[in-house]
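The values are calculated or read from the model by the stated rules, or taken from the named source; none is laboratory data. Model, not experiment: these values are computed from the prediction. Neighbour counts are summed over all protein chains in view; Cβ atoms, including those assigned to glycine, are modelled from backbone coordinates with ideal geometry.
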């Protein structure tokens, strides 16, 4: 069965393109267009009063979808922002420094650019003391990172549940979350490559003590502008970086008082573009109407990944090092091939209107609902020309 009809607008926009980068910029389904139009129509119809709808029905629906997908069980602990970098700034400002400044941070050397760059700059300026754990060798990364966290001495511990460069999983999330406390350390899980790629990646037990960052740009298919953070109750009741929406529930406060919502809204910023929330909600409803959940989508993608590996086995790409082999368990939505020729391959594929992406010497191929067996066979023809 093909699900291409759900993506008819995006596919028709470039019918000759073979887009194998669903892990990077996921094609938008038609439902996202409907959500975008609904946002515009609400703004035209309701004008100033649109915010009652946005912060009421739209916001709460999106919270419920995210909490259900995470497995955290608490919609009130979800807050939205334009990107996860916004949340990193708010977290770093709010995180307790048990021994005074600077903030002491533990993270891997395989984090995404928003964390990697910001932490490097803060280390350069002396605002943090940074300890980085090498992601390689991958086979014992989870154990090594957890051991470093257990040694203590950190205020903020940040790690990706699925490493964006290699697609390898950090499988000690529950143990790491067990180290967190409201007075420090804080544990932050970057779940961007896990959200809607791994079924219910965060249990209620993990959610009780760990922050989780992710968003709608990748496997949620909703595009930019819809990052979210799960905020464990009792952690950071009064974040110092705060926008006026953090007291949106109580605009009757006397002037000069800085109030905070008691739930995740305490980490809110200020005025934002709500269109991504409309897109996200529309897509979630579309998936439900079609009986598509993360488990079913992941199973389909895994089948296509297996087919891809079979049809490229005798090509140069097939002989490259696959950093995240299929193993029958939870897997990233992309395959990561390491080769000194990765940059050239990506360019040659791009010239053939086949979109993949490359990170250093790693070529990444990401599959999604809009792919079928014909796409895999078309890619095999292109891969045969790579040397």
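Structure values in brief
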quantity: One residue from 266, 279, 296 being within 22 Å of the chain's Cα centre (by Cα), free of Cβ contacts under 8 Å to residues at least 12 places away in the same chain and farther than 18 Å from residue 167 by Cα; calculated: 296
quantity: Hits in the stretch 282-319 - residues which are under 17 Å from residue 31 (Cα atoms) and in a loop (DSSP other than H, G, I, E, B); calculated: 290, 291, 292, 293
quantity: Flag if residue 372 is at positive phi and at pLDDT 95 or above; calculated: no
quantity: Number of the condition not met by residue 157 [criteria: (1) farther than 19 Å from residue 191 by Cα; (2) assigned to a strand (DSSP E or B)]; calculated: (1)
quantity: The listed residue being closer than 30 Å to residue 43 by Cβ and either in the same structural domain as residue 225 (by TED's automatic domain parsing) or in a strand (DSSP E or B) (or both), out of 279, 364; calculated: 279
quantity: Every pair of residues 6+ apart whose Cβ atoms lie under 8 Å, when the first sits in the stretch 218-236 and is within 24 Å of residue 364 (Cα to Cα) while the second is modelled with pLDDT under 95 and not in a loop (DSSP other than H, G, I, E, B); calculated: none
quantity: Test: residue in the stretch 371-386 that is part of a loop (DSSP other than H, G, I, E, B), in the same structural domain as residue 20 (by TED's automatic domain parsing) and in contact with a strand residue (DSSP E or B) (Cβ under 9 Å, 6 or more places away or on another chain); calculated: yes
quantity: Enumeration of residues in the stretch 109-127 that are surrounded by 15 or more Cβ atoms within 10 Å (Cβ to Cβ), free of Cβ contacts under 8 Å to residues at least 60 places away in the same chain and not in a helix (DSSP H, G or I); calculated: 110, 127
quantity: The stretch 353-364: number of residues that are in contact (Cβ under 8 Å) with a residue 60 or more places away in the chain and touching a helix residue (DSSP H, G or I) at 6+ places or on another chain (Cβ under 7 Å); calculated: 4
